[in-house]
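Let me begin by presenting the structure, written as structure tokens, before commenting on it.
The values are calculated or read from the model by the stated rules, or taken from the named source; none is laboratory data. From a predicted model like this one, the values you see are computed outputs, not experimental measurements. When we count neighbours, we look across all protein chains shown, and the Cβ atoms used for this are built from the backbone with ideal geometry, even at glycine.
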Amino acid sequence: MTSFLARRFASVIFVLWAMTVLVFAIVHVLPGSVAHMILGEFATTDAIAALEERLGLNQPLYVQYWTWFTGLLRGDFGMSLTMERPAGPVILEALGRSAILASISIVLVAILGIGLGIHSATHVGTWSDRGLTLMQYFFIAVPEFFWCILVIIFFAVWLGWLPATGYAPLHEAGFWRWAQHLILPVSTLVLGLIAHVSRLVRSSMLEAIESRYVLAARAKGIPERIVLRRHALPNALLPAITVLAVDVGILIGGIVVVESVFAFPGLGRMLIYAIDNQDIPLMMGGMIVITAIYALANLAADILYAVLNPRIRVSGSAG
Amino acid sequence: MNRIPRTLLVGGVIVGVICILAALGPWIAPFEPDAFNMRARLQPPSTTYWFGTDEFGRDVFSRVLAGAHHSLLMGFGATIISLVIGVPLGLIAAFRRGWTEEAIMRGVDLMISIPPVLLGLLILAVTEPGLLKTMLAVGLVYVPIMTRVARAVGLDLLAEDFVEAARARGEGGFHILAREILPNAWPPLIVETSLRVTFAILLGSALSFLGLGPQPPDSEWGLMIAESRPFISEAPWIGLAPGLCLCLLLIAVNVVGEGLRDLLDPRLRGRGH
């Protein structure tokens, strides 16, 4: 177990380092001059030289990379080009707000996805199962950004119940206004994911229910409730853990889109802002932070899987 | 032979009809998709303007037709790109074990550990956006997945007797890959491809929605939905028309993908249902 953990942790570190190289390379090597990109095509040579001087762009690339990389290690993301303040705190604040969205969503997806999946699997062929299956097809296919538009039309424009955009901090606005600003973004984020998870849980639960160990448990005369909870469910949930990790990736994509539509000042909105305004330090920092979160989420899923599944612990081959 | 399931047929027909409409778009569109008509701004759907008109008086139906062209091109084009790059890489990794395989698969692991949207954004962030670039970015995002699938399929096939026979005949590596492995690798690859198309269309239209795809005045469904946002309360049809078409397309493509999986690859049948 220790060597498995050490190997997985080393691979996370490697991924993060490789991502710094990739981000840096794509931003600095591919499309010509960064200063041109920032100032636009009408910039004078003097202005470009001045900006290159200020940003250290006139130094060799490996020096620039080293300065940026060692800065990252110290938690220094450089100065934001458009906000006249360090990029680090901007990223941190945005991250905090996105974390609220993400954690509420993950909890809802886990509870509702697994719950609905179990319900479907234990009620196969009934109306509720068929209805849920049909809805899963629908919700998996509808893109988040169209969902956003639909809920805004319905709840914000027609009914006027909820605000269409923005964010209200909990300590300033109070619980109700804070929650109001979260309802629409969170519900658009979770619908597709709940459908995805519940569908998977349904199929793996069905597989477990038809297995021999469940048959054996029933044959021993154990009550059906206990057969399901103690024998079928733990085995059915293992694949769900892997999918939840994949869903974190989908969730990150969803957060970028949903935050942009609802003008929710989180990490995704910040990233799109940085790209639109060519705020390079903010953009590079945001991308590194998002990759780190994704890598850690996958690491957590792997550890959880290894803890729950003894086969992997023994062979240790899940690198 | 398996009977073709009804859902696959229905999904296939819907995808086919959308493709034909997209291809015929320029000839059957009642109006020029980019033509302004300031006297007919924000008209609700009617017999003249089937899906209404937008803020410039452009016919939404004609724009949806033109947009279908771009959205389909982006989804299918990106999938083909990932196929063309990923499948050879995967088969080579399966065939040339050792150092080559290690290098390819570590690269794949690395790319998979970056969230898909981020990889797309990274490629599009620093260059001028456009249809082809978005297509390329989405295609590259799905290369590692294709490589993994192709490698797994390749490893399975390499253990087969007919590959052994080809080796015994003294055939070269390229011949074995191109003539023996590839033709037999198609069924699982087609399944993976058809499931990938849904994600490619989704990611492509999401990137367009964020302004990183085709640029105005071009029409693409994701972009049209983004442009409709300021008029959401007075003219919801501008966004609803392309949005509903996109949903229909995605559901149909998904149904086709899963139908093909059930038909061609019965081993995977348990997974999605």
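Scanning region A:128-180 for residues that are aromatic (Phe, Trp, Tyr) and touching a Pro at 6+ places or on another chain (Cβ under 8 Å), which turns out farthest from B:Phe209 (Cα to Cα)?
If we take residues in region A:128-180 being aromatic (Phe, Trp, Tyr) and touching a Pro at 6+ places or on another chain (Cβ under 8 Å), then A:Trp178 is farthest from B:Phe209 (Cα to Cα).
What pairs come out if I take residues in region A:1-23 that are on the phi > 0 side of the Ramachandran plot and pair them with residues that are modelled with pLDDT under 85 and loosely packed, with under 12 Cβ neighbours inside 10 Å whose C-beta lies under 7 Å away, six or more apart or interchain?
Close Cβ pairs satisfying both conditions: none exist.
Does B:Ile114 satisfy the criteria of being within 22 Å of the chain's Cα centre (by Cα) and not in a helix (DSSP H, G or I)?
Considered against the rule, which asks whether it is within 22 Å of the chain's Cα centre (by Cα) and not in a helix (DSSP H, G or I), B:Ile114 comes out as yes.
Which residue is modelled with the lowest pLDDT, if the candidates are limited to region A:268-279 and must be assigned to a helix (DSSP H, G or I) and within 9 Å of chain B (Cβ to nearest Cβ)?
Step by step, filter region A:268-279, then rank; the result is A:Asp276.
For region B:185-193, does any single residue satisfy the condition of being crowded, with 24+ Cβ neighbours inside 10 Å and either in contact with a Ser or Thr (Cβ under 7 Å, 6 or more places away or on another chain) or not in a loop (DSSP other than H, G, I, E, B) (or both)?
Yes, region B:185-193 contains a residue that is crowded, with 24+ Cβ neighbours inside 10 Å and either in contact with a Ser or Thr (Cβ under 7 Å, 6 or more places away or on another chain) or not in a loop (DSSP other than H, G, I, E, B) (or both).
Assess whether A:Gly40 counts as being closer than 18 Å to A:Ala274 by Cβ, modelled with pLDDT under 75 and surrounded by fewer than 16 Cβ atoms within 10 Å (Cβ to Cβ).
In short, yes.
Please determine whether any residue of region B:55-76 is under 16 Å from B:Gly213 (Cβ atoms), within 24 Å of the chain's Cα centre (by Cα) and hydroxyl-bearing (Ser, Thr, Tyr).
The answer is yes; a qualifying residue exists.
Among the numbered conditions (1) surrounded by 14 or more Cβ atoms within 10 Å (Cβ to Cβ); (2) within 21 Å of A:Ala300 (Cβ to Cβ); (3) of a type in the set (S, T, N, Q); (4) more than 14 Å from chain B (Cβ to nearest Cβ), tell me where A:Gln64 comes up short.
(2)
Wholly within region A:120-228, which helices (runs of 4 or more DSSP H) include no fewer than the required count, namely at least 2 residues that are within 12 Å of another protein chain (Cβ to nearest Cβ), surrounded by 20 or more Cβ atoms within 10 Å (Cβ to Cβ) and of a type in the set (Gly, Ala, Ser)?
Per the criteria, A:170-209.
For region A:70-119, what are the residues that are more than 28 Å from A:Leu39 (Cα to Cα) and either at pLDDT below 85 or of a type in the set (Ser, Thr, Tyr) (or both)?
A:Ser98, A:Ser103, A:Ser105
Output the residues belonging to region B:201-225 that are assigned to a helix (DSSP H, G or I), under 17 Å from the mean Cα position of the chain (by Cα) and of a type outside the set (Val, Ile, Thr).
B:Leu202, B:Leu203, B:Gly204, B:Ser205, B:Ala206, B:Leu207, B:Ser208, B:Phe209, B:Trp221, B:Gly222, B:Leu223
Please go through region B:166-218 and give me each residue that is more than 14 Å from every other protein chain (Cβ to nearest Cβ), touching a helix residue (DSSP H, G or I) at 6+ places or on another chain (Cβ under 8 Å) and among the hydrophobic types (A, V, I, L, M, F, W, C), ordered by number.
Within region B:166-218, B:Ala166, B:Ile176, B:Leu177, B:Ile181, B:Leu182, B:Ala185, B:Leu189, B:Ile190, B:Val191 meet the criteria.
Could you check, for region B:244-254, whether at least one of its residues is part of a helix (DSSP H, G or I) and farther than 28 Å from B:Pro44 by Cβ?
Looking for residues that are part of a helix (DSSP H, G or I) and farther than 28 Å from B:Pro44 by Cβ, one finds at least one in region B:244-254, hence yes.
Quick check: is even one residue across region A:85-103 closer than 20 Å to A:Ala18 by Cα and of a type in the set (Lys, Arg)?
Within region A:85-103 (the criterion being closer than 20 Å to A:Ala18 by Cα and of a type in the set (Lys, Arg)), the answer is no, since none of the residues qualifies.
Filter region B:226-243 down to the residues that are in a helix (DSSP H, G or I), touching a helix residue (DSSP H, G or I) at 6+ places or on another chain (Cβ under 9 Å) and more than 18 Å from B:Ser62 (Cα to Cα) and list them by number.
Answer for region B:226-243, where residues must be in a helix (DSSP H, G or I), touching a helix residue (DSSP H, G or I) at 6+ places or on another chain (Cβ under 9 Å) and more than 18 Å from B:Ser62 (Cα to Cα): B:Arg229, B:Phe231.
Could you please give the count of residues in region A:232-257 that are facing chain B (nearest Cβ under 10 Å) and more than 10 Å from the chain's Cα centre (by Cα)?
Of the residues in that region, 2 qualify.
Name the one entry in B:Thr100, B:Thr198, B:Thr193 that is more than 13 Å from the chain's Cα centre (by Cα) and of a type in the set (Ser, Thr, Tyr).
B:Thr100
Condition test on B:Glu192, is it on the phi < 0 side of the Ramachandran plot, among the charged types (D, E, K, R) and without any contact (Cβ under 8 Å) to a residue 24 or more places away in the chain?
So B:Glu192 fails the test.
Within the set of pairs 6 or more residues apart or between chains, which connect a residue that is within 9 Å of chain A (Cβ to nearest Cβ) and more than 12 Å from A:Val12 (Cα to Cα) inside region B:104-118 to a residue that is of a type outside the set (A, V, I, L, M) and surrounded by fewer than 21 Cβ atoms within 10 Å (Cβ to Cβ) with Cβ atoms less than 7 Å apart?
Once the first residue is within 9 Å of chain A (Cβ to nearest Cβ) and more than 12 Å from A:Val12 (Cα to Cα) and sits in region B:104-118, its partners that are of a type outside the set (A, V, I, L, M) and surrounded by fewer than 21 Cβ atoms within 10 Å (Cβ to Cβ) give B:Pro115/A:Gly249; B:Pro116/A:Gly249.
Which numbered condition trips up B:Gly86, out of (1) within 18 Å of the chain's Cα centre (by Cα); (2) within 12 Å of chain A (Cβ to nearest Cβ)?
Failed condition: (2).
Does B:Ile123 fit the bill of being crowded, with 17+ Cβ neighbours inside 10 Å, within 13 Å of chain A (Cβ to nearest Cβ) and either of a type in the set (S, T, N, Q) or not in a helix (DSSP H, G or I) (or both)?
In short, no.
Within the set of pairs 6 or more residues apart or between chains, which connect a residue that is within 14 Å of A:Val257 (Cα to Cα) inside region A:146-162 to a residue that is among the polar types (S, T, N, Q) and not in a helix (DSSP H, G or I) with Cβ atoms less than 8 Å apart?
Cβ pairs passing all conditions: A:Ile149/B:Ser228.
If the Cβ limit is 6 Å and pairs must be 6+ apart or interchain, which residue in region A:176-197 that is within 15 Å of A:Phe145 (Cα to Cα) pairs with which residue that is among the polar types (S, T, N, Q)?
Filtered contacts from region A:176-197: A:Val186/A:Ser105; A:Leu189/A:Ser105; A:Val190/A:Ser105.
Give region B:223-247 a look and list any residue that's at the interface with chain A (Cβ under 9 Å from one of its Cβ atoms) and modelled with pLDDT of 85 or more, or say none.
Listed by number, the residues that qualify are B:Ile225, B:Ala226, B:Leu240, B:Pro242, B:Gly243, B:Leu244, B:Leu246, B:Cys247.
Of everything in region A:293-310, what is over 19 Å from A:Ile255 (Cβ atoms) and either loosely packed, with under 14 Cβ neighbours inside 10 Å or within 14 Å of chain B (Cβ to nearest Cβ) (or both)? Give them in sequence order.
Across region A:293-310, the qualifying residues are A:Leu299, A:Asp302, A:Val307, A:Pro310.
Among the residues of region B:139-164, how many are of a type in the set (Asp, Glu) and within 21 Å of B:Phe199 (Cα to Cα)?
Within region B:139-164, residues that are of a type in the set (Asp, Glu) and within 21 Å of B:Phe199 (Cα to Cα) number 0.
Take the residues in region B:138-184 that are assigned to a helix (DSSP H, G or I) and of a type in the set (Asp, Glu), then tell me which one is nearest to B:Glu101 (Cα to Cα).
The selected residue is B:Asp156.
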